[in-house]
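The values are calculated or read from the model by the stated rules, or taken from the named source; none is laboratory data. Just so it is clear, the model here is predicted, and its values are computed rather than measured. Note that each Cβ is placed from the backbone with ideal geometry, even for glycine, and that neighbours are counted across all protein chains shown. Keep in mind that these areas ignore ligands, DNA and RNA; they rest on the heavy atoms of the full protein, side chains included. Shrake-Rupley method; radii C 1.70, N 1.55, O 1.52, S 1.80 Å.
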Amino acid sequence: MKLLFKFFITVLLLLLCSCILNPLEYEDENNWTTYWIDNDNPNSNVFNVIVTSDNELWAGTDNGVSVFDYENWTSYTAENGLESNNIYSLAQGNGGIWAGSSQGLYFFDSTSWEKKVSIGDILVESLYYQNGSLWVGSNNGLFQVDSQGNILSTALSGSQISSITSDQQNMWVGTSNGLRKLYNGSLVKTYNTPDLSNDIVKSVATDGKYLWVGTANGLNRLDIANDIWVQYTRSDINELQSNDIFALLISNNILYVGTSQGLSKFDGTIWSKISPEEISHVLSMAIRGNILWIGTKTGLLRGEI
């Protein structure tokens, strides 16, 4: 009996030591709900997700636009006025929703979709709404349009624009050939390697102090005031799930990093991985309160953070 008791205690101690020496590598393992919004097809690409001011969730997918009121889904496709079902970007504007597709720019006024012919049939990969006008990132440059979809200005002609954000003074534009800094719509500065870890910029986000830039080979942080760069890769940060950074989001001083292999986060001090089994190939993110929405190559996920 004493021998059995000693064996039990030994095993218990070994298990305890194992837990102490090898803590869980990931957070929130069982905290996610998966939605197949494309007719229950688990292979839907959710290119972009946004949460609107009236708390609806909008998703741009490879099968049109889907809207979720947290009870039911409503979908819009080519049958509803969209010439293309590949919707790469979304933005809320005054009176409706803007959508960027593989065949131009559209606006939804809560009743119907209208194509904005001033942009033409170009691929619209990114949208950014600011101060009553919309910035449109395309495969042929950056456009500023008014509420009617008329072009107000153009910039970076010939560039493929992947992502757009702004701080209080500057606009930051990610392209297939580096980062561009604009002021009042005019180019101020261009950043390429070696400032960046890679010239293919896929995502940008800022909290006003720092600008975060996700590339095809690493994550980069710019101290905006001092123009100082820091680079992060998996060789330095094991918790960074991949060097291929598709999406960035900042909320409550936490940076969420969506990669081709899953989701990581950084609170300014500690890096951690999130839910590897449920999240892969993160394409987009949106947040509302304590709910994080993640668009992936295999559907949409909802998690509490």
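A few remarks follow.
- Scanning the stretch 192-211 for residues being assigned to a strand (DSSP E or B) and under 16 Å from Ser176 (Cα atoms) gives a total of 4.
- Scan the stretch 203-212 for residues that are within 16 Å of the chain's Cα centre (by Cα) and over 11 Å from Val257 (Cβ atoms) and the total you get is 4.
- Only residues that are open to solvent by less than 10 Å² (accessible area, probe 1.4 Å), under 11 Å from the mean Cα position of the chain (by Cα) and of a type outside the set (Val, Ile, Thr) were counted across the stretch 264-285, and they come to 1.
- Qualifying residue in the stretch 216-234 (condition: in contact (Cβ under 8 Å) with a residue 40 or more places away in the chain, part of a strand (DSSP E or B) and within 23 Å of Tyr128 (Cα to Cα)): no
- Residue within the stretch 134-155 that is in contact (Cβ under 8 Å) with a residue 12 or more places away in the chain, charged (D, E, K, R) and over 17 Å from Asn48 (Cα atoms) present: yes
- Within the stretch 252-270, considering residues that are small (Gly, Ala, Ser) and without any contact (Cβ under 8 Å) to a residue 40 or more places away in the chain, the one farthest from Leu301 (Cα to Cα): Gly268
- Filtering the stretch 110-166 to residues that are acidic (Asp, Glu) and loosely packed, with under 15 Cβ neighbours inside 10 Å leaves Asp121, Asp146.
- Residue tally, condition open to solvent by 30 Å² or more (accessible area, probe 1.4 Å) and part of a loop (DSSP other than H, G, I, E, B), over the stretch 167-191: 5
- Residue in the stretch 292-305 that is touching a Phe, Trp or Tyr at 6+ places or on another chain (Cβ under 9 Å), open to solvent by 10 Å² or more (accessible area, probe 1.4 Å) and within 23 Å of Asp167 (Cβ to Cβ) present: no
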